[in-house]
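S.K.: One structure is given below, represented as structure tokens, and several questions about it will come after.
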Amino acid sequence: MKSHGKQLLTSAVMILLVHVAPCVGATFFVAPNGSDANPGTLKQPFGTLGRARDEIRKRIAAGLDENVTVLIRGGEYRLDETVVFGLEGSGTNKHSIIYAAYPNEKPVFTSGMPIKGWQRLADAPDGLPASARGKVWVADLPKGLSKFLTLYDGTTRLPRARSKGYTPARRYPRTRQPGWRNTLEFRAGTLRDWPNLSDVEILIVPQYPWVSNLLPLASVDGGKGVAKTGVSATYPMGQVYFGRFPNGTLWAENVVEFLDEPGEWVVSLQERKLYLWPKDDRPSDAIVAPKLTEFIRVEGEIDYDGPVDKPVKNLTFRGLTFTHGDRWPWEVGKTGWGLQHDWEMFDRPTALVRFRGAEQCGVEDCHFVNSGGAGVRLDLHCQENRVIGNHIERIGGVGVLLAGYGPGTKDVNKGNSVINNRIHRVGELLWHSSGIFAWQSGENRIANNLIHDTPYTAIVVSGRIHWDRKGQGECSKTIRWPEIGEAAPTLSSGPGWRQRERFLHGRRNRVERNEIHHTMQVLGDGNCIYISGAGAGNIVRQNYLHDVDSANINANIRCDDDQHQTLIEENVIFRCCGEGFISKGNNTIVNNIVANLRPNTSAGVPCGHTRGYLVLPYGSVKGSVIQRNIFYAQEAGQTVLFEGSRHKVPTLLRDCKADYNLYFNAADPEWGSRFLKAQRLFGIEEHSVSADPLFVDIDNGDFQLQEGSPALKLGFRPIDLSEVGPKK
């Protein structure tokens, strides 16, 4: 019977392996109770991921002639250093290497270092609030743990003690004086020269509402009311020009006198002590501080200045959980290396899993949760990689980042797939972080993702560059001037899009069939889907954007800052604050539905920019196509079109090929007719109509059209939302 049982077990494992790897070859096992002295079998597994990697390197050195699978048993694996997979651990074009969860088990990778030896604080330090006295506990930091910026209690990230927010009184001119990016005027009593000043950070929304900074304090002069930061902010640290921030735009963090609520903590690196007001009577045994920001790095041979890199190939991580990672600190000298508005940093270890020089690699069905930084990065040379079926939640930074080389001719970050992921509650520490961010990366497919509850934009495709040879403008240090060659003098003087497009890599991306809701929850002047300063041929198709109740959102789909040749088609925008479309440039907007944009106040929720269902704010839009769209309203007083002008360049619908559109307002039957009458004076909208499109059930989000719909007669193609969002 024992022999028969063993046969059944072996057969069951082999059947399950077929579902783990496309073609089973050599198989190794890793388990929390294993040992690196073991041979890596099911009965005698390895103890660490690094040991399995090293064993596979031996196979590769001898000549890889079969697929290799490493099955990782359930349980917790504590990482003290980043596990690096280089060329010596690479798969080939023919054979794959897969690190996967053992079927129906959950391996968890953490860098959390347990905090032990808690004692109830006997002598309260100066400034500790009266409400916290007798409730705060203290522990010594364990050896081997240096600076950390986040703290966890099991599956919960604990908030660092924070002051009450306020807004700086000064408003700086738009010239963005560089001296005020590390100098802050503060109100009396809000900042002090605290004993642990080197541990204190300020969280600020500086000048503009589209970015937040976490900056270390360097000095505080209480008499003059002036503080300096050790790292410069993105912009001068004054009042925000626009956006609603009822709780203020500036806080101080990690100070004992702000430790006034259960769950909060403060660390003093000078004392090497951690102070905590636990949610229960005493700290739990699950308090951990992270050692790492980057857990796994897949890295080929990068020749940064040269034309050719050697990528790692065919390496996949599947079914793994990553948790308890730290936030990457902002750096001195970061200016010029930040990706658009410092929303991320160029070529930095900010993510739990990072590919840097990789082809045909993947991270699939993994869980990224409770961490301070980003989830996944695809940096520099990354092609035909897969980020598929992952769940990314409760992290401090970007969900998925694709970041190629800066402008030039080295165009090697492309053809990747970001598909079927669930991404929510990202950017919990760095509020400007988006769900998916593609910078200088092209020909990618970003599809069937569900993104919601984000503090800023859901999806960004960007190539924004300040062509500044001094390296002080945004992204300017990434520019590859030698590759640009003879065009450099013209580009650095501020060219038009057509002059610089050949050096931009963010082209021909497909952003399609994504579902987005409840985005833009904190910052301002953001969008659901944002295309800016990128190349030609980007497509935004069949996305469903709904129920965005943000007070600060700008547009739901936006082509910004001299963006051209973008196709926006078959999208549905429903019950959202903000504007339907913003277009700055020659773009095509066809066969979309914009329905029920929220008025200025909807169900008690103040909405932000509501200039119109279609907004052409500035820049030339000549040659744009705006046809066969349905603009549907149920509130009187809403604006169909906003046209502005700036830099003496008019932005007018009359310069577009605008026709065959349908306009209808259920509360104002003449809404569409008035608009069409005004536009036909300029020879456009000749075939467009003002009529009820006859949706099947608009109140319940059914956008199918009844038989006889006037939209169908205009050539409108019904939009099928059944394929939107993650698929099993």
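S.K.: If you place +1 on the Cβ of every Lys and Arg, -1 on the Cβ of every Asp and Glu, and leave all else neutral, what size is the dipole of the chain about its Cα centre, to the nearest 20 Debye?
M.R.: 820
S.K.: Then there's this: Using the structure shown, select from K116/K147; K313/K477; K410/K477; K584/K727; K657/K677; K106/K279 the pairs with a Cα to Cα distance greater than 25 angstrom.
M.R.: As for pairs spanning more than 25 Å Cα to Cα, those are K313/K477; K584/K727; K106/K279.
S.K.: Just to be sure I understand: if I project the alpha-carbon convex hull of region 17-130 onto a plane and average over all orientations, what area do I get in nm²?
M.R.: With the hull built on Cα positions only, its mean projection is 11.5 nm².
S.K.: Where the centroid of each part is defined by its Cα atoms, how far is region 91-141 from region 453-505 in Å?
M.R.: 40
S.K.: Just for the chain, what percent of DSSP beta bridges are antiparallel, to the closest 5?
M.R.: 25
S.K.: Whose amide H sits under 5 Å from the amide H of F109, counting only residues 5 or more places off or on another chain, with H placed in the peptide plane?
M.R.: Long-range HN contacts for F109: Y77, T321, F322, T323.
S.K.: Further question: Which shape class applies to region 399-451: rounded if a/c is under 1.5, otherwise prolate when a/b exceeds b/c and oblate if not, where a ≥ b ≥ c are the square roots of the Cα gyration tensor eigenvalues?
M.R.: Cα axes put region 399-451 in the oblate bin.
S.K.: A follow-up question, please. Can you list residues whose amide H is under 5 Å from Q239's amide H, if they're 5+ apart or on another chain and H is modeled 1.01 Å from N?
M.R.: R170, R171, Y172
S.K.: A further question follows. Can you list residues whose amide H is under 5 Å from L402's amide H, if they're 5+ apart or on another chain and H is modeled 1.01 Å from N?
M.R.: HN-HN under 5 Å from L402: L378, F437, A438, W439.
S.K.: Using θ = phi - 60° and the Karplus curve 6.51 cos²θ - 1.76 cosθ + 1.60, what whole-Hz ³J(HN,Hα) does each residue of region 467-476 get, with Gly and Pro shown as x?
M.R.: 7, 10, 5, 7, x, 9, x, 4, 6, 5
S.K.: Through the Karplus equation 6.51 cos²θ - 1.76 cosθ + 1.60, θ set to phi - 60°, convert the phi angles of region 705-714 into ³J(HN,Hα) values in whole Hz; use x for Gly and Pro.
M.R.: Running phi through 6.51 cos²θ - 1.76 cosθ + 1.60 with θ = phi - 60° gives 9, 6, 4, x, 4, x, 5, 5, 5, 7 Hz.
S.K.: Let me ask something additional. Hey, what number do you get for the chain at 222 nm if only DSSP H runs of n ≥ 4 count, each worth -39500 (n - 2.57), divided across all residues, to the nearest 500?
M.R.: The helix-only estimate for the chain comes to -2500 deg cm²/dmol at 222 nm.
S.K.: Then there's this: Compute the separation of the alpha-carbon centres of region 562-589 and region 321-345 and state it in Å as a whole number.
M.R.: If we compute the Cα centre of each part, the gap is 29 Å.
S.K.: Select from I719, A487, I698 the residue farthest towards the positive end of the dipole of the chain; place +1 on Cβ of Lys and Arg, -1 on Cβ of Asp and Glu, and compute about the Cα centre.
M.R.: The residue sitting most towards the positive pole is A487.
S.K.: Which whole number of Å³ per residue matches the convex hull of the alpha-carbon atoms in region 370-484?
M.R.: 91
S.K.: Would region 346-436 count as rounded, prolate or oblate if I go by the C-alpha gyration tensor, calling it rounded below 1.5 in a/c and otherwise prolate when a/b exceeds b/c, oblate otherwise?
M.R.: Oblate, because a/c is 1.5 or more while a/b does not exceed b/c.
S.K.: Working only with C-alpha atoms, what are the Rg and Dmax values of region 482-523, expressed in angstrom?
M.R.: Over region 482-523's Cα set, Rg and Dmax evaluate to 17.0, 46 Å.
S.K.: Relative to the compact-globule scaling 2.2 N^0.38 Å, provide the ratio for the alpha-carbon radius of gyration of region 245-310.
M.R.: 1.89
S.K.: From the P(r) of the chain, can you give the percent of Cα pairs sitting at distances over 45 Å?
M.R.: Result: 27 percent of Cα pairs exceed 45 Å.
Computed from the coordinates by the stated procedures, all read-outs in this text should not be read as laboratory data. Note that the structure is a prediction, hence the values are computed from the model and not measured. Note: ideal-geometry Cβ built from the backbone for every residue, glycine included; neighbour counts use all protein chains shown.
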